[in-house]
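What follows draws every value from the coordinates through simple rules; no lab data is involved. Every value quoted in this text rests on a predicted model; they were computed, and no experiment measured them. All Cβ positions, even for glycine, are placed from backbone atoms using ideal geometry, and neighbour counts span all protein chains on display.
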Amino acid sequence: MDCLAALCQLRPALGDLERNLAAHLEWIDRAAEAGADLVLFPELSLTGYFLRDLVHDLALRPDDRRLRELIAASTERTLVFGLVEEGDDHRCYNSTVIAEGGEVRHVHRKVHLPDYGIFEEGRYFAAGDRFTTWRGRLGRFGVLCCEDAWHLDSGWLHFLQGADALLVPCASPARGVDTEGPELGSEAAWRTLTEALARFDQAWVLHCNRVGFEDGAMYWGASSVVSPFGERVAAAAGAEEELLLQRLDSDAVRRARLFAPLRRDARPDLVRRHLARLLEDPDALRAAGEDAAGEA
Amino acid sequence: MALPPPPDCNVALAERVLTAFLREEAGKFGIDRAVLGLSGGVDSAVVLELAARAFGPERVLAVAMPYRTSNPVSLELARAAADHAGTRLEVVEITPMADAFIAAVPGLAEDDSRTGRLRQGNVMARCRMIVLYDRSAAAGALVLGTSNKTELLLGYGTIHGDLASAINPLGDLYKSQVFALARHLGVPAEIVARPPSADLWEGQTDEQELGFRYAEVDALLHRLVDRRRPRAALIADGFPAEFVDRIATRIRASQFKRRPPVIAKLAARTVNLDFRYARDWGV
């Protein structure tokens, strides 16, 4: 895991694959000059986010020849980028691709597709059905694509599979100026979330958010790296394009897990028993809530 | 029972987001200059300040468009706003064009009923729109909107008139928040202190015409729209039931002003219904 990570907080052009591909190669060059081993891009970095009907126009397979040059750029460093993936059965996924050694090694299909507020991913994308940790040259990675991170179980599943780092590509729009403090409401929420995620899962958290505007909504950037102790060790200044560099060392993961052996003490067997019971008897959940109300 | 206060505004954050918004959304059109109507009121003064910061004052054109019944103080305040922002101010009298139209429509000039005054006010608002879009084409500049969230939700504006714009930085800020932002941006105090007015006839004020105060309606709208509080909770908050219902009805009744025209669906993919692309797709 000892490596230099580069988080590319860029501004994808909506629906312009060609321009975004060119931008990715430029950012990879910049990251390479800085000596980065791991180069991470935001969610849907090759297409832009607010796609609607463009989803069908932009969908491609990870072996599409238009991606060859980008994937070839992974011979000396690990690349993580986002695209609309068309599956064999023509379902479209919001996918995060990991390329290494000049080949696609892992694809994470976003599991939790937000469909509320300004989001409408469920209308356009099919949901992924797994959280699989991938072990590469640099260590063991788990991808949580934006909304995936809001579900506590997603990070925990990567934790159980021994992830050293959680890669969190995002396209998070700004909300909330009716508050005090220097941060947007959405920014403050993500800060708490990523710090907690790192603490619970004792792994590096690399949160790479995009910037720029789409139809009036601002993506607020502020990408960050959080240590396995839950400390925010690097953060981009704000909503401008920025290459954020941070060295990750596996010793931090080791120290965190020796300090508090959460992985050793995790009880997936217990969780499985409870889940099995709840899934067999969905009313059990509701009954538990009613009991609590009755006692009050 | 005292009503809850209107929503707060993190003004430093709002300034940062809105200047970036203007620069980037205009930049997508390949445009780095802006034009807007400057009324002498607080909304357009705030947009002018934001635009001057986003584009540089030399690339922003403010246009004051008085009609013969407009209060002369409005023009003085527009000058003060432009001076403060450091932008150019052009004064275009709309009286000749508005009066020519009004005179050409039988009975309109003499009609001083509510409808008559509304029609005349709409003619003025649409004359101003024509002037702004013409200046926009001449200067290669985008027309900036100045309608705030309170006005948009209440439908307090003229469709194809003051509601027309290319991009609008104020549309998600309530009037009370606009005032806070105005103070933060250093808008001249006499503009911030002046009672808001559409300035369509002498002595007109928004609050008198609307029948409630901005602070009250903003407090209600923020809870109703942003926080989705149900009617009973709003009444428990201290808002009179009649006020809650009147505002809810007004929001519903003005929905047409916030949406593009309804298109009759015939084909498999219909513009705006199931031919769905972001507006920014085209730029």
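What pairs come out if I take residues in segment B:225-250 that are touching a residue at least 12 places away in the same chain (Cβ under 8 Å) and pair them with residues that are of a type in the set (Lys, Arg) and not in a helix (DSSP H, G or I) whose C-beta lies under 9 Å away, six or more apart or interchain? These pairs meet every condition: B:237/B:229.
Somewhere in segment B:267-274, is a residue touching a helix residue (DSSP H, G or I) at 6+ places or on another chain (Cβ under 8 Å) and within 14 Å of chain A (Cβ to nearest Cβ)? No - not one qualifying residue is present in segment B:267-274.
Every listed requirement among (1) without any contact (Cβ under 8 Å) to a residue 40 or more places away in the chain; (2) over 28 Å from residue B:276 (Cβ atoms) is met by residue A:223 save one, (1). Looking for whichever is within 14 Å of chain B (Cβ to nearest Cβ) and either surrounded by 20 or more Cβ atoms within 10 Å (Cβ to Cβ) or part of a strand (DSSP E or B) (or both) here; the options are A:113, A:44, A:70, A:83. Which one fits? Criteria check complete, one pass: A:44. The set of residues from segment A:162-203 being away from every other protein chain (no Cβ under 14 Å), crowded, with 19+ Cβ neighbours inside 10 Å and β-branched (Val, Ile, Thr) comprises A:168, A:194. Taking segment B:68-175 as the region of interest, the helices (runs of 4 or more DSSP H) fully inside it that hold 2 or more residues being touching a helix residue (DSSP H, G or I) at 6+ places or on another chain (Cβ under 6 Å) and under 30 Å from residue A:214 (Cβ atoms) are B:149-154. Of the residues making up segment B:10-24, those that are within 7 Å of another protein chain (Cβ to nearest Cβ) and either surrounded by fewer than 19 Cβ atoms within 10 Å (Cβ to Cβ) or in a helix (DSSP H, G or I) (or both) are B:13, B:14, B:17, B:20, B:21, B:24. The set of residues from segment A:124-166 being touching a residue at least 12 places away in the same chain (Cβ under 8 Å) and basic (Lys, Arg) comprises A:130, A:137, A:140.
Answer yes or no: is there a residue in segment A:251-268 that is in contact (Cβ under 8 Å) with a residue 40 or more places away in the chain, surrounded by 12 or more Cβ atoms within 10 Å (Cβ to Cβ) and either in contact with a strand residue (DSSP E or B) (Cβ under 8 Å, 6 or more places away or on another chain) or closer than 20 Å to residue A:43 by Cα (or both). Yes, there is a match, as at least one residue in segment A:251-268 is in contact (Cβ under 8 Å) with a residue 40 or more places away in the chain, surrounded by 12 or more Cβ atoms within 10 Å (Cβ to Cβ) and either in contact with a strand residue (DSSP E or B) (Cβ under 8 Å, 6 or more places away or on another chain) or closer than 20 Å to residue A:43 by Cα (or both).
Based on what the data block shows, is residue A:131 touching a Leu at 6+ places or on another chain (Cβ under 7 Å) and in a loop (DSSP other than H, G, I, E, B)?
So residue A:131 fits the description; yes.
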